[in-house]
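Derivation of every value follows stated rules applied to the coordinates shown; laboratory data play no part. No experiment lies behind these values; they were computed from the predicted model shown. Note: ideal-geometry Cβ built from the backbone for every residue, glycine included; neighbour counts use all protein chains shown.
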Amino acid sequence: MSVQSPVKTWAEMILQVLKDNEIRLVTYVPDNVLRPLIDALHADPYFTVICPAREEEAVGIVAGAYMAGMRGITLMQTSGFATLPNALASLVRPYQFPLVMVISERGTLGDFQLGQAVVCRTMRPVLTSLNIEHFAIERLDDVEFVADRMIKQAFTTQEPAAIILSPLLTKKSNTSH
Amino acid sequence: MTSSEKHAVARDTARVMNRSDLTRRLVAKLKRNEAVIGGIGNTNFDLWASGQRPQNFYMLGSMGLAIPLALGVATAQPQRHVVALEGDGSLLMQLGTLGTVAMRAPKNLLMIVWDNGVYQITGSQKTLTSHGVDLVAMARAAGLANSAWARDEAHFDALLEDALAGHGPAFIAARTDEAKPAGTTERDPVKIRMRFMEGIAV
């Protein structure tokens, strides 16, 4: 009888994709859904991990590091993304920074806070109006493929990208952990 | 200069100086290809007018993000000194970044704030520093012990030399007048980024 290796979690998969793409810097403003990824990043000396006070700072730090030769990524939740349109429109877009955002999607599929729900509905219209590539990952099977391809596309095309983590991935049973 | 002498100057007793002159004093002291991030508005206009070094980055929008950008550069290249230039209005918009810098404590990062007490470019409406907010006190309270007001031009030069010797993170605030900037930055963001990336490539 063969011994099956346990299925990797979405957080383990993303961490490996970051390494495969030589992304050594991670900035984030926390979110409970992202916690397993954040904990794993802090525990891994490969990564420099910075948690500033605001998402705008997280974007600025990653943009500065990129210009100095270090690839980075920034993690946030939906409400954090809602603080970013000015930085995206006046820094990331005009200077053509390959900013990769990982956004945990709050405010849908059973959220109990109206504020989260309303802010969630601003996310895709803002991404669309800024012409930013975005894709919501819903299945564990898709995590490695989508995250890896979106990161590669961002860096090769000098364009920002938003990898959205749907509650279907992070909350639905059997796929969250 | 002892630490207590360096830090003895209060905002009230700091001389009101000229931003363009102080920017040129800074640039004259840059001998090791230090990176400089110029914040939005007159701050980067005067940096531009001081000579277009390839190691200069001119931030045309994203008010308040000069220090985070500089922190990113300083994190990626710990051997290179990095200077962030900000105005008082810009820093007031992103005060949390002082705590972020203190947490990371990069020895190679110098933050300089020009405090003229007004949003000069939008018609000189008063900022909070005109109502008693002391940015050096805020920087210290955020954990940046090496923070000081520049008493006068000579003191500014001395503070610069200390910070560029690697005693960072350092924070220098200078009171400035409302003279117009000495030039206007050419507004081509991609060219600015690419020139900067080539200027600090390792």
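Structural remarks
- Helices (runs of 4 or more DSSP H) enclosed by region A:1-114 - at least 3 residues per element that are within 14 Å of another protein chain (Cβ to nearest Cβ): A:55-67
- For the criterion of being buried (at least 24 other Cβ atoms within 10 Å of the Cβ) and touching a residue at least 60 places away in the same chain (Cβ under 8 Å), B:L164 fails.
- Among the residues making up region A:8-61, those that are more than 26 Å from A:T156 (Cα to Cα) and exposed (fewer than 15 other Cβ atoms within 10 Å of the Cβ) are A:K8, A:P30, A:N32, A:R35, A:D39, A:H42, A:A43, A:D44, A:P45.
- Residue in region A:126-135 that is hydrophobic (A, V, I, L, M, F, W, C) and touching a Gly at 6+ places or on another chain (Cβ under 9 Å) present: no
- In the set B:L85, B:L128, B:L95, only one residue is under 16 Å from the mean Cα position of the chain (by Cα) and within 21 Å of B:R19 (Cα to Cα); that residue is B:L85.
- Filtered by the rule that a residue be surrounded by 15 or more Cβ atoms within 10 Å (Cβ to Cβ) and β-branched (V, I, T), region A:79-130 gives A:T83, A:V92, A:V100, A:V102, A:I103, A:T108, A:V119, A:T122, A:V126.
- For region B:48-94, taking the residues that are among the hydroxyl-bearing types (S, T, Y) and either touching an Asp or Glu at 6+ places or on another chain (Cβ under 7 Å) or in contact (Cβ under 8 Å) with a residue 24 or more places away in the chain (or both), the one that is farthest from the other protein chains (Cβ to nearest Cβ) is identified as B:S50.
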